[in-house]
Every structure is written in C-alpha cells, then in structure tokens.
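This report refers to the structure that appears directly beneath it.
Any read-out appearing in this document is the output of simple, stated calculations on the displayed coordinates, not a laboratory observation. The structure displayed is predicted, hence computed values, not measured ones. With ideal geometry, Cβ positions are generated from the backbone for all residues, glycine too; neighbour counts draw on all protein chains shown.
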Amino acid sequence: MALTLPDQIVRQEILALSAYHISPAQDMIKLDAMENPYQLPPFLNKEISRITADVCINRYPDPHATALKETLRTTLSIPAEMDIMLGNGSDEIIQIIMLAAAKPGAKLLTVEPGFAMFRMIATFTNLEYIGIPLRSDFSLDTDTMLTALRHHQPAITFLAYPNNPSGNLFDTGALEKIIEASPGLVVIDEAYHPFAGKSFIEKLADYPNLLVMRTLSKLGLAGLRLGLLSGRPEWLSQLEKLRLPYNINVITQLVATRVMQHYDVLQQQAEAIKQTRTRLQEFLATLKGVEAYPSDANFILFRLDDASRIFRQLQQRGILVKNLDNSHSLLKNCLRVTVGTPEESDYFCNTLQDLVGK
Ligand SMILES: *Cc1c(COP(=O)(O)O)cnc(C)c1O
C-alpha cells in the first residue's frame, strides 16, 4: 500500500505557509504582544478563586453565554438593537466571518501594514487577499481605497481602528466613505478601543454593511481568550451558524462575567497605560535618530537605524519587543514596543538610550 504523505493531502496554500512566530519570552520583560502589564487586584483574584472553586467542569458551558453577554452589553454600551456574538478570542471571530463569505473567487480587502491574522485567515479560508498600502505616515489613502473597492468588489473589508502595527486611528470621514462605497461587508476591528476612546459602535445603526469587533485581550484578559462581534441580527444570525457550540468555556464565562462587573478596575489600568504611553512618547521624541509614530493604542511603533541589531541587543538585555524590520516596505527599520508598567518602560528607555547612544 502506498504511504500517503501530508503534501499529497494538505492544500498547497497551507504547505506554503510558515506558522505564526511567537518569540520565547521566559524571564524576559515582555513588550511584544500588547498585553496589559498589570495583574488584577487581590480582592478580585480572591473573588475569582471563590467562584471557580466549585465550578462544574464536568458539564458543558452555557452555549449562549447569556450572563456574560448581558454583562458585556452593559459595560461596553452595545446598542439594544444590535446582537452580540462571542469568539474564543477575536481571532476566532475573524475566522468565522471569513468562512461565511468564502465563496469561490471571493476577495478580502484590507490595508498594509496591518494585522497579520487578516492575511493568514484569508489564506486558511481560501479568500483572495488584497492588501492596499497605507501612506508613508500610515494614514488611509482614501482615493486608492475607493478605486480598489470598485475594482475588486471585495466580499469583506477588514480595518483595525486603531491600526496594528502603526497605532493610529484612521480619519473617521475617510472610513465612512469606505463603508459607504463598499459593495460588501466592512468589519472595524476595535481591539485597541480601551486606549483610543473612539468607536464605530454607535454608528452601527447608520450602516447596514457594518460590523464592529472588540476583544478583552488588550484590556487585561488575554489569557481568557474572549472576543466579541456586534452588529445587526440579520448578519449575526448567519454567522452564529458557523460558531462551534460551546466555543466559550465555563471558566472564561464565569471569570470574564465577574471581572467585567468590575470594569472600572480595567479602565483604571488602561488609564495608567495611557499615561505611561505619553511619557514613553515624550522620551522617544528626545532620542536622536529615533522616529516614533503617534499612537492611540497600548504600543508605539518607532524607526531607527539598524533596527534588527537593536532588537537583538534589547533581547540580550532581557527586553522583548516586536521586530517589524523587513516585514513590509513601509516598516523598514521599525520596531514596536508595548507600553508596560512605568518601571518596565523606564528600563526599556534607559536600555534603548544606551544602545543608540553608542
Ligand atoms: C491583538 C489583536 C487581535 C486579537 O485579539 P484576540 O482577541 O486576542 O484574538 C485582533 N485584532 C487586532 C488588530 C489585534 O491587534
């Protein structure tokens, strides 16, 4: 019998992919993944211990996560006439949306540089990927976007607001033009909303082709894996069919519900991160040969000579940032640093100053 090999069975596009790279981070100051650097206060950790102590892990979770959705609706001010769909991280929601639209020949349009998972999941789901370059200051090139929408007629357009890895909010008017001109669905990914303060959630009612995505990951619950999508029932009832039953586990439902009842704690942490971001921006502006870009998120993109060498030297001194050098033509010599605690940030600043001063 002939032995069947993976490359005879696995799709060509998958064979050609390299797995998403996550750097080892043990004992490092981890400033690479936009995590909230703060833990929960002891009173809240105690509450979590108490409520999870006798959880029934022998039973499947509530398939509709009713209590969690109600809490999220209130704390995140989701309009009453809009539905909510939950995902095991917003990455899972991206996958559900793309799966639903992946007819043969269907296209996904987004901007570059942008969130890497948009391209990866487009490949997983067999959507044709169209990446439209941003301007060199990472603003939207509105005319080119409008032309591309007419030309490609994408089934879905994904835009992160603020954008990752550049950190900026796109111009609201430009985004509205894009939503109006889109022949298909437009998904605004608001993963960094806690640090930006601007949202398209209130505009859902104005546009029948708009969905808005959020996540609790950057807010401080990355380990729980919970993302949410908000939009009209017509859309969400279709997407719900693709959501695997019980995708939100019991522990996530229980803990996220409880933590979101103390949303003020997470908001205060986001406030502290924003203050550290301001100080970090001010410091980077003083460094010769470093160009830092404005950020409405919990990270800062900056450009400097010999970025890949600086990246390795930071790593040797125990600091992990994201190296984006060579990842896109607009990101030549760029690194991205997540805003950590004031102490982590000071250590990063001193180390960087040391390295570029030499
Ligand atoms: C981090 C990030 C996400 C992923 O969030 P999860 O909910 O943790 O899967 C989604 N979109 C953007 C733009 C991100 O940067």
**Q.** Contour minus Cα-Cα distance for Arg11 and Arg150 (0.36 nm per residue)
**A.** 47.0 nm
Q | Spatial extent of the chain: Rg and Dmax, with the Cα atoms as the point set, Å | A | 21.1, 69
Q. If the cut-off is 21 Å between C-alpha atoms, which lysines fall inside it for Lys218, apart from same-chain ones fewer than 8 positions away?
A. Lys30, Lys69, Lys198, Lys274, Lys322
Q) Considering amide H positions built from the backbone, and no H for Pro or chain starts, which residues 5 or more places from Val111, or on another chain, come under 5 Å of its amide H? A) Ile132
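What value in Å³ per residue do you get for the convex hull of the alpha-carbon atoms in region 1-151?
Values: hull volume 42.3 nm³, N = 151.
Measuring per residue, one finds 280 Å³ for the Cα hull of region 1-151.
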Q: Provide the per-residue ³J(HN,Hα) series for region 183-192, in order, calculated from phi with Karplus coefficients 6.51, -1.76, 1.60 and θ = phi - 60°, each as a whole number of Hz, with x at glycine and proline positions.
A: x, x, 7, 10, 10, 9, 9, 9, 4, 9
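Please compute the contact order of region 40-132 in relative form: average sequence separation of alpha-carbon pairs under 8 Å and at least six residues apart, divided by the residue count, as a percent.
On the way: 52 pairs, mean separation 19.4, N = 93.
Relative contact order here is 21 percent.
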Q | Relative exposure of Met34, Met98, judged by other C-beta atoms within 10 Å (fewest first) | A | Met34, Met98
Q: Taking every Cα atom in region 125-250, find the radius of gyration and the maximum pairwise distance Dmax, and write them in Å.
A: 15.2, 47
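Arrange Phe195, Phe283 by Cβ neighbour counts within 10 Å, fewest through most, would you? Don't jump to the answer; show the numbers that get you there.
Working: Phe195 22, Phe283 18.
Ranked by crowding around the Cβ, least crowded first: Phe283, Phe195.
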(Q) Can you order the peptides 287-299, 39-51, 181-193 by their average number of other Cβ atoms within 10 Å per residue, highest first? (A) 181-193, 287-299, 39-51
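Counting alpha carbon pairs within less than 8 Å and at least 6 residues apart, what relative contact order, in whole percent, applies to the chain? Walk me through the intermediate numbers first.
On the way: 593 pairs, mean separation 81.4, N = 358.
That works out to 23 percent.
Computed FRET efficiency, Cβ-Cβ of Thr75 and Ser49, R0 25 Å: what is it to the nearest 0.05? Walk me through the intermediate numbers first.
Details: r = 22 Å, r/R0 = 0.88.
E(calc), rounded to 0.05, equals 0.70.
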Q.
Give me the extension gain from Ala116 to Lys288: residue separation times 0.36 nm, minus the current Cα-Cα distance, reported in nm with one decimal.
A. 58.9 nm
Q) Measuring from label point to label point, each 7 Å out along Cα→Cβ, what is the Glu271 to His328 span in nm? A) 3.3
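Just subtract the alpha-carbon distance of Ser23 and Ala205 from 0.36 nm times their residue separation and send over the number in nm, one decimal. Write down the numbers at each step before the final one.
Details: separation 182, 0.36 × 182 = 65.52 nm, distance 4.10 nm.
Gain on stretching Ser23 to Ala205: 61.4 nm.
Let me have the 222 nm mean residue ellipticity of the chain computed from DSSP H runs of 4+ only, each contributing -39500 (n - 2.57), with the sum over all residues rounded to the nearest 500. List each step's numbers first, then the result.
Values: 14 runs with 145 residues, N = 358.
Only helices count here, giving -12000 deg cm²/dmol.
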Q. What is the spread of the Cα atoms of region 217-358 along each of their three principal axes, largest first, in whole Å?
A. 57, 34, 27
